[in-house]
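Asker: A single structure is presented below for examination.
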Amino acid sequence: MMYFSRLKTALILGACILGAILCIPNLMPAPAAWLPWRTVHLGLDLRGGSYLLLEVDMAAVIKERLESLTDGARQALRPGNIFYQTLRPEPAANRVLLRLRDPAQTGTALAALKPLVSAVGANGTPDIDINSTQDGQITLTLSQVALTERAGAAVQQSIEIVRRRIDETGVLDPQITRQGEARIVVQLPGIEDPNRIKELLGKTAHMTFRLVDETANPTAGTPPPAGVDFLAMEGQPGTKIGVRRRVDVDGADLTDARAGTDQQGGSWVVNFTFNSVGTRRFADISRVNVGHRFAIVLDDKVISAPVIQIGRASCRER
């Protein structure tokens, strides 16, 4: 006959009782809000749910980049009266084709197009390869490093948008991860019908740029003034900001947006790249609103409200 000391018996009974107590939160709702009522969330393998595999349309991303590059080339050639016969994007070749009317202007055109080239990657590789021929044909080809970086940025931005929309549904412990170069895996435990999630993720994200009404007070408990919306700040629960309803620059005119740091002050900045329409609108708005906040609104939430600075191509976060 096995013999257990009283101490061992007490330890075994205590462990059993503690395990039973820890299991209670999974069997019934919390009787009071102040109790530490922590439940065990089962994963997709134990609880079941939905598994979605999304893929970023890289062809559309590259096409949009080439259209922006085409527009940039058009703007660069205009001041020097450099005329051309052909200027069109060629997505199949990842390039923009330019054919000048006068081949003698090739050198001048190359000098005008040079500012369109930026350094990307750790080694500062040019994102555009510019080549010319004697008959006045110039090609601007996206480098492989630039394509890889743009693909990564597109996937990362898509992950953030997917995560933001999934969080709005209240799904517990969603798993959103990158797979390969252009795919996103979404695992949603407990969601048996994925159609609602598909509809939510299928909506086009709407980004707008709108001036902040600094006189409006969302904490006053009064309705917003005419032409102003009180929108929630991303990452700041319970905080709202007064944003003018008028859209100053639409996200459709945006070709690129990413966070960065000011090399002089080390503060965070938001770097924008617009097409020609967006550039003109942003220039007009920033010229007369220096020192004021410019809200970046995505799906009716303010993800950032940087301050317009003098003589900068970016907005400084304050």
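Asker: Among the residues of the stretch 45-60, count how many are among the charged types (D, E, K, R) and at pLDDT below 80.
Answerer: Quick first cut of the stretch 45-60, residues among the charged types (D, E, K, R) only: 45, 47, 55, 57.
Checking the rest, the ones that are also at pLDDT below 80 come to 45, 47.
Here the count works out to 2.
Asker: Filter the stretch 227-252 down to the residues that are in contact with a helix residue (DSSP H, G or I) (Cβ under 7 Å, 6 or more places away or on another chain) and of a type in the set (Val, Ile, Thr), then identify the one that is nearest to PHE274 (Cα to Cα).
Answerer: We begin by selecting, within the stretch 227-252, every residue in contact with a helix residue (DSSP H, G or I) (Cβ under 7 Å, 6 or more places away or on another chain); these are 230, 240-242, 248-249.
Filter once more, keeping what is of a type in the set (Val, Ile, Thr): 241, 249.
Working: ILE241: 25, VAL249: 10 Å.
In this case the residue turns out to be VAL249.
Asker: Test MET233 against the criterion of being open to solvent by less than 80 Å² (accessible area, probe 1.4 Å), at pLDDT 75 or above and over 29 Å from THR148 (Cα atoms), and give yes or no.
Answerer: Working: open to solvent by less than 80 Å² (accessible area, probe 1.4 Å): yes; at pLDDT 75 or above: yes; over 29 Å from THR148 (Cα atoms): yes.
It is true that MET233 is open to solvent by less than 80 Å² (accessible area, probe 1.4 Å), at pLDDT 75 or above and over 29 Å from THR148 (Cα atoms).
Asker: Could you figure out which of (1) modelled with pLDDT of 85 or more; (2) under 30 Å from ASP229 (Cα atoms) isn't true of ARG178?
Answerer: For ARG178, the failing item is (2).
Asker: Determine, yes or no, whether THR86 is open to solvent by 50 Å² or more (accessible area, probe 1.4 Å) and either more than 23 Å from PHE274 (Cα to Cα) or out of contact with any Pro (no Cβ under 6 Å at 6 or more places or on another chain) (or both).
Answerer: Numbers: open to solvent by 50 Å² or more (accessible area, probe 1.4 Å): no; either more than 23 Å from PHE274 (Cα to Cα) or out of contact with any Pro (no Cβ under 6 Å at 6 or more places or on another chain) (or both): yes.
So THR86 does not fit the description; no.
Asker: Go through (1) closer than 17 Å to VAL56 by Cβ; (2) open to solvent by less than 80 Å² (accessible area, probe 1.4 Å); (3) at pLDDT below 80 and name the single condition LYS203 misses.
Answerer: Status for LYS203: all satisfied but (2).
Asker: Restricting attention to the stretch 82-96, which residues are of a type outside the set (Lys, Arg) and either touching a helix residue (DSSP H, G or I) at 6+ places or on another chain (Cβ under 9 Å) or part of a helix (DSSP H, G or I) (or both)?
Answerer: Narrowing the stretch 82-96 to residues of a type outside the set (Lys, Arg): 82-87, 89-94, 96.
Scanning the stretch 82-96 gives ILE82, PHE83, TYR84, LEU87, PRO89, GLU90, PRO91, ALA92, ALA93, ASN94, VAL96.
Asker: Among the residues of the stretch 185-204, is any within 19 Å of the chain's Cα centre (by Cα), outside any helix (DSSP H, G or I) and closer than 18 Å to TYR51 by Cβ? Explain how you work it out, then say what you get.
Answerer: The first filter runs over the stretch 185-204 and keeps only residues within 19 Å of the chain's Cα centre (by Cα), leaving 185-186, 200-204.
Filter again for outside any helix (DSSP H, G or I), leaving 185-186, 203-204.
Narrowing the set further to residues that are closer than 18 Å to TYR51 by Cβ leaves 185-186.
Scanning the stretch 185-204, I find at least one residue that is within 19 Å of the chain's Cα centre (by Cα), outside any helix (DSSP H, G or I) and closer than 18 Å to TYR51 by Cβ, so the answer is yes.
This table checks each residue for (1) farther than 21 Å from LYS63 by Cα; (2) loosely packed, with under 14 Cβ neighbours inside 10 Å; (3) among the basic types (Lys, Arg).
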| site | (1), (2), (3) |
| --- | --- |
| LEU116 | no, no, no |
| ALA122 | yes, yes, no |
| ASP135 | yes, yes, no |
| LEU140 | no, no, no |
| LEU188 | yes, no, no |
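Asker: Considering only residues that are in contact (Cβ under 8 Å) with a residue 24 or more places away in the chain and not in a strand (DSSP E or B), look in the stretch 211-230 and name the one that is surrounded by the fewest Cβ atoms within 10 Å (Cβ to Cβ).
Answerer: Restricting to residues being in contact (Cβ under 8 Å) with a residue 24 or more places away in the chain and not in a strand (DSSP E or B), the top hit is THR215.
Asker: Does ARG178 satisfy being touching a helix residue (DSSP H, G or I) at 6+ places or on another chain (Cβ under 7 Å), farther than 25 Å from GLY278 by Cα and open to solvent by less than 40 Å² (accessible area, probe 1.4 Å)? Spell out how you get there, then give the answer.
Answerer: On the way: touching a helix residue (DSSP H, G or I) at 6+ places or on another chain (Cβ under 7 Å): yes; farther than 25 Å from GLY278 by Cα: yes; open to solvent by less than 40 Å² (accessible area, probe 1.4 Å): no.
So ARG178 does not fit the description; no.
Asker: Based on what the data block shows, is ALA111 within 17 Å of ARG150 (Cα to Cα) and either among the basic types (Lys, Arg) or surrounded by fewer than 18 Cβ atoms within 10 Å (Cβ to Cβ) (or both)?
Answerer: Details: within 17 Å of ARG150 (Cα to Cα): no; either among the basic types (Lys, Arg) or surrounded by fewer than 18 Cβ atoms within 10 Å (Cβ to Cβ) (or both): yes.
Considered against the rule, which asks whether it is within 17 Å of ARG150 (Cα to Cα) and either among the basic types (Lys, Arg) or surrounded by fewer than 18 Cβ atoms within 10 Å (Cβ to Cβ) (or both), ALA111 comes out as no.
The values are calculated or read from the model by the stated rules, or taken from the named source; none is laboratory data. All of these numbers come straight from a predicted model, not from anything done at the bench. Every residue, glycine among them, receives a Cβ derived from its backbone with ideal geometry; neighbour counts consider all protein chains shown. Protein only, heavy atoms only, side chains kept; ligands, DNA and RNA dropped before computing areas. Shrake-Rupley method; radii C 1.70, N 1.55, O 1.52, S 1.80 Å.
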